[in-house]
Amino acid sequence: MRKKAQQGFTLIELLVVIVLLGIVTSFAVLSMGTGSIGREMEEEAKRLHALISLIREESIIQAKEIAMEVNQQEYSFVEYKDKKWIAVEAKMFQKRKMKEGLEFSVNTESKVFKSQNSDLLRIYFLSSGEQTPFQVRINVKGEPRPYYQLTGLFNGKLTLGYVDN
């Protein structure tokens, strides 16, 4: 009598594969949950980069002198109008607070500003296309690394980089 060749998988083999897939999936889900502050840091850095790019273009196109004011955990945009600084009216340039759990520091040629201080710092964007050279660093509160760094040069060039080590 001849035995038939075994075809397919046994029930034990299928159960082992299902358990392994469950373990791998649970690790993937857990790791995504802890990375949310990292995603918020990235979103905030990209948002600030986009806002500064837009406000700089607005300054050139509208022939206005505009500044970004940084104070503690928030930043806003103001324009020089009628010999005084007033808030930019466009809704997209409204005052914004840093998201909970994030902190930032700003460094210009003349002053270093950390978000814990209450001093006001202005970064100027001139209608000629020039701007105050600056560095903005955004990181998770209490953790110096990793961080995003937004660098603006005198000629208006902006770069956004991620530093991990």
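Throughout, read-outs are computed from the coordinates displayed, never taken from laboratory work. None of these values were measured; they are calculated from a predicted model. No Cβ is skipped: glycine too gets one built from the backbone with ideal geometry, and neighbour counts run over all protein chains shown.
Helix 36-62 and the longest principal axis of the C-alpha atoms of the chain enclose an angle of approximately 30°. Scanning the chain for GluC sites (Glu not before Pro) that sit in a DSSP loop and have at most 14 other Cβ atoms within 10 Å, the longest stretch containing none of them is 1-88. So if a site counts as exposed when it's one of the trypsin sites (Lys or Arg not before Pro), its DSSP state isn't H, G, I, E or B, and it has at most 16 other Cβ atoms within 10 Å, what's the longest stretch of the chain without one? Maximal segment without exposed cleavage sites: 5-63. Note on Lys64: aspartates and glutamates with a C-alpha under 19 Å away, same-chain residues under 8 apart excluded, are Glu79, Asp82, Glu89, Glu130. Extension gain, Ala28 to Glu43, is 3.3 nm, computed as 0.36 nm per intervening residue step minus the present C-alpha separation.
Rounded to the nearest whole angstrom, the semi-axes of the ellipsoid equivalent to region 37-163, taken from the Cα gyration tensor as √(5λ), stand at 24, 15, 14, largest first.
Using R0 = 41 Å, the C-beta based FRET efficiency linking Val16 and Asn165 works out to 0.60.
Relative to the longest principal axis of the Cα atoms of the chain, helix 11-34 runs at roughly 10 degrees. The charge dipole of region 37-163, taken about its Cα centre with unit charges on the Cβ of Lys, Arg, Asp and Glu (plus for the first two, minus for the last two), comes to roughly 80 debye.
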